[in-house]
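Colleague: This is the structure, below, for whatever I ask next.
The values are calculated or read from the model by the stated rules, or taken from the named source; none is laboratory data. All values reported here derive from a predicted model rather than from experimental measurement. Backbone-built Cβ (ideal geometry, glycine too); neighbour counts: all protein chains shown. Just so you know, the surface numbers come from the protein's heavy atoms only, side chains and all, with ligands and any DNA or RNA stripped out. Shrake-Rupley method; radii C 1.70, N 1.55, O 1.52, S 1.80 Å.
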Amino acid sequence: MRLQCAVTVLLVLLAHFQVEAIWCPDQQLLEEQLATKIAAALQKIFTKSFALLNLSVVISTAYETMDRDQVQLIHLVLDRSLSRLDSPVPVVLASRMNRKIAPHVTIQLLFVQSVDQVKAISDDLEKNYLCVVVLLSSLPVSKKRSIMSTIFAHFLQERYNINVVILVPSLQGVRAYNVQPYTAESCTSTEPVEVDLKDSLIRDLYPERLKNLHGCPLSVIVWDIPPFVKVHWERSDPMSRLEGLDGRILGILASKMNFTLQLVPNEPKGLVGGASFMNGTLTGAYRMLRERRANITVGCASCTPERSTFLATTVPYSQIAYIIVMRARSGYSIYEIMLFPFERYTWLLLGLILGLRRILGRWWCMPAPVLAGWMLWIFVIRASYEASVFNFLHNSPEKPSPRTLEQMFGQGYRFITDHATYRMTLKFPAFQGRTTISPGQPVDVFHALLKAPPKTGAFTSRSFLAEHLVRHRNHRNRMVILAEKIIDNMICMYFPYGSYFAWEISTLLFKMRSFGLFQHHSQILAWNSMPTTSDAPDKPARYAHEDAGAGFARSMGFVLAALNCLMAALCVSIAVFALEHLGHTRRWPRLTWLMERV
């Protein structure tokens with residue numbers, strides 16, 4: 001019985017090997033033909049698309065986990081594609097992308113059988129590449145289209161990668177497909193669209209599909225930050241809800257690319273932008289983007305390495321300058337003018353000489369030449385004093401303001417800023433412990449400045465100051481800008497990491513900036529009414545258009561002040577005389593002794 005079973009098994013094995021021997025030649029022939037067609041298609045793409053742009057290709061070796069016959073087929077394809085000495089492009093075979101190689105690679109080539117294999121390979125990548133997927137499947141055409149649709153959906157929704165082309169080989173030839181996600185019928189289409197491989201150019205494989213979004217909505221995170229963005233949530237039309245510089249830019253982009261706006265408020269409500277840190281901690285709008293809860297954010301968002309590491313960003317499309325704004329120091333009072341012409345050491349010298357004359361006059365009578373010189377010197381001092389006072393009144397200077405940041409620190413200045421701008425002060429250690437956050441919008445910091453103590457400066461932007469002066473032009477003469485420039489900052493738009501919108505919108509922003517569109521729109525601000533800088537000439541703006549009546553009143557004020565000083569001196573003289581008289585008549589020896597010493 002055992003011998004019979006063994007013979008039966010042996011016969012079955014012999015029959016199996018005989019059948020395999022019969023079918024193997026045909027199967028090998030089919031594999032050879034299929035491998036030749038796939039290799040020819042890849043070689044054509046490499047030569048006409050990738051080689052012209054000097055692009056490098058990485059081939060994932062994850063295909064080694066596929067079925068045995070598929071692995072053999074891929075080996076044949078690679079032998080025909082890579083064994084040529086005149087390979088048109090550099091090719092790397094790797095199971096995982098090396099970080100040192102990643103910046104030099106642009107194309108990724110995948111051989112897959114199923115959607116799970118695509119997800120496993122693509123999810124292991126840190127960034128998106130131009131992707132070529134070779135789908136090796138013997139399923140019917142309808143099943144293949146379903147698989148391709150799922151692959152496109154994965155790249156679009158999970159990876160934000162629109163640059164994917166799928167090659168479907170067969171004995172009749174190799175057919176290529178990509179996706180048109182934005183159409184007149186659908187805003188999330190993942191249906192495969194066949195691509196003509198006749199020319200195999202890069203624009204055939206990856207055509208421009210974002211020029212016209214057919215009115216599809218894009219979600220935009222916005223917040224109030226005049227003059228860049230002002231949101232009118234009460235309006236029904238989303239396109240008319242935004243105002244401001246960045247609001248206009250977003251409206252132009254929507255018109256160019258034909259999309260509508262779906263405005264999303266920042267979280268928490270009222271937060272301006274958000275914070276970003278190199279460890280990946282994000283708040284506000286930037287956290288929402290990383291969680292892929294919106295397509296884009298705009299509103300005076302600074303270009304920072306912390307954000308560009310974890311989010312997609314455009315090129316800088318605008319620039320703002322950060323400055324220090326101070327309250328304009330008031331002019332000198334009349335009584336300060338009477339003492340101002342001479343420096344402190346001049347008054348000290350006069351007092352010292354007067355004291356010496358009083359001391360020496362008791363024991364030594366000055367000769368006539370010395371006395372004449374003294375009287376002449378007094379005359380020169382008096383003439384110089386009168387000329388200085390006249391010159392002072394004629395020029396009407398104001399009290400000098402600091403011209404450098406170092407001078408402000410030396411004079412004990414404190415600083416105020418808004419919550420959004422406070423992050424810029426963190427770049428300067430000298431501001432630590434000197435800066436206070438003022439509540440409200442960035443433009444509200446100027447109201448706080450005018451109410452703050454004298455030695456206070458506002459760390460802010462020229463754009464915010466220009467916006468404030470649009471509504472409060474009378475504040476121009478009440479402020480002065482520190483002459484020393486603090487820092488310039490670039491403005492970007494942000495997207496979820498890997499978003500395919502970043503490149504298209506970045507290109508449009510670059511063109512708009514090149515043609516001066518941003519400068520044109522920024523003219524709505526009061527740039528011509530900006531305050532003077534602290535190094536401007538001493539002639540104050542408040543006297544520039546003074547009429548004759550005001551000038552006469554100011555001059556008469558000085559005459560009145562001189563009369564008051566004269567009357568005060570006369571009162572002091574009368575008081576001294578009265579005290580001296582009382583000392584003699586009342587016989588108060590102590591008072592008499594004191595008055596003699598005086």
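Colleague: Mind ordering 173-179, 517-523, 426-432 by average Cβ neighbours within 10 Å, highest first?
Modeller: Final packing ranking: 173-179, 517-523, 426-432.
Colleague: Now a separate question. Would you work out what percent of the accessible area of segment 25-205, with all protein chains in place, is carbon or sulfur (probe 1.4 Å)?
Modeller: 51 percent
Colleague: Find how many whole Å separate the alpha carbon centroid of segment 419-442 from the alpha carbon centroid of segment 286-334.
Modeller: That distance is 13 Å.
Colleague: What shape does segment 139-196 take by its C-alpha gyration tensor, where a ≥ b ≥ c are the square roots of the eigenvalues and a/c under 1.5 counts as rounded, a/b above b/c as prolate, and the rest as oblate?
Modeller: Prolate is the answer for segment 139-196, as a/c is 1.5 or above and a/b outweighs b/c.
Colleague: Can you tell me the relative contact order of segment 25-205? Whole percent, Cα pairs under 8 Å, sequence separation 6 or more.
Modeller: The value is 22 percent.
Colleague: Scan around Gly244 for amide H atoms under 5 Å from its own, H built in the peptide plane at 1.01 Å from N, and keep only partners 5 or more places away or cross-chain.
Modeller: HN-HN under 5 Å from Gly244: Lys230.
Colleague: Please compute P(r) over all alpha-carbon pairs of segment 25-205, binned at 10 Å starting from zero, and give each bin as a whole-number percent.
Modeller: Over segment 25-205, the share of Cα pairs per 10 Å bin runs 9, 39, 40, 11, 1, 0 percent.
Colleague: If you find the alpha carbon centre of segment 179-226 and of segment 134-178, how far apart are they in angstrom?
Modeller: 17 Å
Colleague: What's the FRET efficiency of Leu350 with Leu579 using the Cβ-Cβ distance as r and R₀ = 25 Å, to the nearest 0.05?
Modeller: Values: r = 25 Å, r/R0 = 1.01.
Calculated value: 0.50.
Colleague: For a quick check of understanding: with a 1.4 angstrom probe and all protein chains in place, what accessible area in square angstrom does Met375 have, to the nearest ten?
Modeller: Using a 1.4 Å probe on the heavy atoms, I get roughly 110 Å².
Colleague: What FRET efficiency, computed as 1/(1 + (r/R0)^6) with R0 = 51 Å and r the Cβ-Cβ distance, is obtained for Ser522 and Ser114, rounded to the nearest 0.05?
Modeller: 0.40
Colleague: I've got another one for you. Among Lys198/Lys511; Lys230/Lys511; Lys144/Lys256; Lys143/Lys198; Lys44/Lys256, which pairs are too far apart, with a Cα-Cα distance over 27 Å?
Modeller: Flagged as over cut-off: Lys198/Lys511; Lys144/Lys256; Lys44/Lys256.
Colleague: Next question, about the same structure. Can you work out the FRET efficiency for the pair Cys187 and Gln72, with r the C-beta to C-beta distance and R0 = 35 Å, to the nearest 0.05?
Modeller: Efficiency for this residue pair is about 0.25.
Colleague: At each listed q (0.14 Å⁻¹), what is the log10 of I(q)/I(0) that the Debye formula gives for segment 60-114 modelled as equal alpha-carbon point scatterers?
Modeller: For segment 60-114, the Cα-only Debye profile gives -0.43.
Colleague: Using a cut-off of under 17 Å, list every residue of segment 272-312 whose amide N is near the label point 7 Å from the Cα of Glu126 along the Cα-to-beta-carbon line.
Modeller: What the label zone holds, given the 17 Å backbone N cut-off, is 278-281, 305-312.
Colleague: Of Ser401, Ser83, which has the most accessible area with a 1.4 Å probe, and how do the rest follow in descending order?
Modeller: Largest accessible area first, the list is Ser83, Ser401.
Colleague: How charged is the neighbourhood of Leu53? Take every other residue with its Cβ under 14 Å from the Cβ of Leu53, and add Lys/Arg as +1 and Asp/Glu as -1.
Modeller: Summing Lys and Arg as +1 and Asp and Glu as -1 gives +1.
Colleague: Semi-axes, largest first, in whole Å: what does sqrt of 5 times each Cα gyration tensor eigenvalue give for segment 74-145?
Modeller: Working through the eigenvalues yields semi-axes of 23, 19, 10 Å.
Colleague: For segment 205-296, what does the relative contact order come out to in percent, with C-alpha contacts under 8 Å and a separation of six or more?
Modeller: On the way: 139 pairs, mean separation 29.8, N = 92.
RCO, segment 205-296: 32 percent.
Colleague: Would you tally the net charge around Ile252, using a Cβ to Cβ cut-off of less than 15 Å, leaving Ile252 out, and scoring K and R as +1, D and E as -1?
Modeller: Taking every other residue near Ile252 into account, the sum is +2.
Colleague: Ignoring ligands, DNA and RNA, please state the percent of accessible area on segment 240-280 from carbon and sulfur, probe 1.4 Å.
Modeller: Of the solvent-accessible surface of segment 240-280, carbon and sulfur hold 54 percent.
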